[in-house]
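Some notes on the structure that comes next.
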Amino acid sequence: MKHLSYVNITRAAFPDQPPYQWTENTSSPWTPILKPIEESKVVLISSGGVYQKDQIPFNPDKNDLTFREIPINTDVGDLRISHNNYDHRDADKDVNCVFPLERMRELAAEGFIGELAEVHLTFMGRIFRKSGLLGEMIPAIIARLKEMQIDLAFLVPA
């Protein structure tokens, strides 16, 4: 496999922008699970750029700070991917690679998780506007999760 220097590629692709400030995390917050998984309401969140065929696709360039809600009963055949920064040929064949909705339904049916949220969230990764991500999109997602009374989120990066 060929090694790619993502930092150099990004800087070459966007020479008119200041050098990207890569996030360095020295710790991560610990949030204890407050109730057993089999009693929890779970939401699926993916950065794979997945949307329903009747929704507006994501802006594939970069910095799309929107997210889409995918209802639990959505036929995965109606899902599409609008993302140009990863090879999604396999996910185009089986969207569960980046948005494992069918697998989550199976876990709920088996009783491994208590229940699935009525809707699940997707957004497009490749967001360079850290201030927009932290100040706009994440607060909007958190507000939506609180509104849905979510206990646990399963995040699938693409």
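Laboratory data are not the source of any read-out in this text; all were calculated from the coordinates shown. These numbers come from a predicted model, not from an experiment. Neighbour counts are summed over all protein chains in view; Cβ atoms, including those assigned to glycine, are modelled from backbone coordinates with ideal geometry.
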- Message: Under 5 Å between amide hydrogens, which residues at least 5 positions from Ile70 or on another chain qualify, with H placed 1.01 Å from N in the peptide plane?
- Response: His120, Leu121, Thr122
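Antiparallel DSSP bridges in the chain: what percent, to the nearest 5? It would help to have the intermediate numbers written out before the result.
On the way: 9 of 18 bridges.
Around 50 percent antiparallel, to the nearest 5.
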- Item | Built amide H within the under 5 Å cut-off of Ser40, gap 5+ | Gly114, Glu115
- Query: In sequence order, what are the phi-derived ³J(HN,Hα) couplings for the range 90-107 according to the Karplus relation 6.51 cos²θ - 1.76 cosθ + 1.60 with θ = phi - 60°, rounded to whole Hz, with x for glycine and proline?
  - Reply: 5, 5, 5, 7, 8, 4, 4, 4, 10, 9, x, 4, 5, 5, 5, 4, 4, 4
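Using a cut-off of 13 Å between beta-carbons, work out the net charge of the residues near Ile33 (Lys and Arg +1, Asp and Glu -1, Ile33 not included). Write out the running numbers ahead of the final one.
On the way: positive: Lys35, Lys41; negative: Glu38, Glu39, Asp151.
My count for the surroundings of Ile33 gives -1.
Would you mind ranking Leu101, Leu152 by Cβ crowding within 10 Å, fewest neighbours first? Spell out each step's value before the answer.
Numbers: Leu101 23, Leu152 17.
So the ranking, lowest neighbour count to highest, is Leu152, Leu101.
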- Could you go through the range 118-133 in sequence order and give the Karplus-derived ³J(HN,Hα) for each residue, using 6.51 cos²θ - 1.76 cosθ + 1.60 with θ = phi - 60°, rounded to whole Hz, and x for Gly and Pro? 5, 9, 10, 10, 9, 8, 9, x, 6, 9, 8, 7, 4, 5, x, 4
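Let me make sure I get this right: for the range 35-156, a, b and c are the square roots of the gyration tensor eigenvalues over alpha carbons, sorted descending. Under 1.5 in a/c it's rounded, otherwise prolate if a/b > b/c, else oblate. Which is it?
Working: a/c = 2.10, a/b = 1.26, b/c = 1.67.
Oblate.
Sorting Asp151, Asp75, Asp16 on the 10 Å Cβ count, fewest up front, what's the list? It would help to have the intermediate numbers written out before the result.
Numbers: Asp151 19, Asp75 9, Asp16 4.
So the residues, fewest neighbours to most, are Asp16, Asp75, Asp151.
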- Query: At a Förster distance of 22 Å, what's the computed FRET efficiency of Arg105 paired with Glu69, Cβ-Cβ distance as r, to 0.05?
  - Reply: 0.85
